[in-house]
Amino acid sequence: MGEIDCRFTWPTLTILLGVILTLAFILQQISSPAWIEYVFIPRFLLHRPWTPLTAIFLHLDLAHFGLNLLGLSLIGQDIERMTASKKELLVIFLLSGIAGHLLLVPLAPPNSCYLGASNAILGLFGAELVIEFTYGALSDALFWGGWFLLIDLIDSGGLHLTGFITGVVYSILRRKKLCELKI
């Protein structure tokens, strides 16, 4: 069994994703309403198949953006530190964001629209829980992720649980590879 490396390393992919989210938010603010073409609307999925991906990088307002950026910084750096591959963080982030949107199709009204990185962030939280439970070493992720889940349940009725479930399932399937911790 490996041990978690406690030496500080820059969470470069987490920082890069944060910069991309920030640039997308700035572009969204200066290009409105053109960004609406990139929001995920279940009814238009066949006509706009890119939107489950592009919607991850769009946010409703500054509070929505800020909360997602906070979640990414708190949980993303843990995933980066704990796994042997930065690629895993990117895969979990994108897969949870995209699958989280697509899993909403049968659950949501067809004309509703979805945007934001909440599915992706909660997918990272789900992955971190799997990794931590595997090693019996729970961190503050349980606290922060729990808050994000609670806010999601209150704010959106739990619609982002699809991202959380995606992150958990992916991490269980990839547990052996994910849990090759840096020593």
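The values are calculated or read from the model by the stated rules, or taken from the named source; none is laboratory data. The structure displayed is predicted, hence computed values, not measured ones. Cβ coordinates were reconstructed from backbone atoms using ideal geometry, including for glycine residues, and neighbour counts include every protein chain displayed.
Mind telling me which of the residues PHE133, PHE93, PHE125 ends up being without any contact (Cβ under 8 Å) to a residue 24 or more places away in the chain and either touching a helix residue (DSSP H, G or I) at 6+ places or on another chain (Cβ under 6 Å) or of a type in the set (Phe, Trp, Tyr) (or both)?
After ruling out the rest, the residue left standing is PHE133.
Out of LEU74, LEU62, report the one residue that is out of contact with any Gly (no Cβ under 6 Å at 6 or more places or on another chain) and either over 21 Å from LEU89 (Cα atoms) or among the small types (Gly, Ala, Ser) (or both).
So the residue among LEU74, LEU62 that is out of contact with any Gly (no Cβ under 6 Å at 6 or more places or on another chain) and either over 21 Å from LEU89 (Cα atoms) or among the small types (Gly, Ala, Ser) (or both) is LEU62.
If we scan region 70-77, do we find a residue that is hydroxyl-bearing (Ser, Thr, Tyr), assigned to a loop (DSSP other than H, G, I, E, B) and touching a residue at least 24 places away in the same chain (Cβ under 8 Å)?
Checked region 70-77: no residue is hydroxyl-bearing (Ser, Thr, Tyr), assigned to a loop (DSSP other than H, G, I, E, B) and touching a residue at least 24 places away in the same chain (Cβ under 8 Å).
Restricting to region 36-51, count the residues that are out of contact with any strand residue (DSSP E or B) (no Cβ under 7 Å at 6 or more places or on another chain) and part of a helix (DSSP H, G or I).
6
Do you know which of the residues in region 87-109 that are closer than 14 Å to SER171 by Cβ and among the β-branched types (Val, Ile, Thr) is surrounded by the most Cβ atoms within 10 Å (Cβ to Cβ)?
In this case the residue turns out to be ILE92.
From the residues in region 42-81 that are crowded, with 22+ Cβ neighbours inside 10 Å and β-branched (Val, Ile, Thr), which one is nearest to PRO110 (Cα to Cα)?
THR51
Would a scan of region 138-150 turn up a residue that is in contact with a Leu (Cβ under 9 Å, 6 or more places away or on another chain), buried (at least 16 other Cβ atoms within 10 Å of the Cβ) and modelled with pLDDT under 70?
Yes, that holds for at least one residue.
Specify which of the listed residues (THR54, THR22) is assigned to a helix (DSSP H, G or I), at pLDDT 95 or above and closer than 30 Å to PHE143 by Cβ.
Residue meeting the stated conditions: THR22.
Just to be sure, is VAL105 touching a helix residue (DSSP H, G or I) at 6+ places or on another chain (Cβ under 8 Å), not hydroxyl-bearing (Ser, Thr, Tyr) and not in a helix (DSSP H, G or I)?
In short, yes.
Mind checking which residues of region 154-183 are among the hydrophobic types (A, V, I, L, M, F, W, C) and at pLDDT 75 or above?
Hits for region 154-183 are LEU161, PHE164, ILE165, VAL168, VAL169, ILE172, LEU173.
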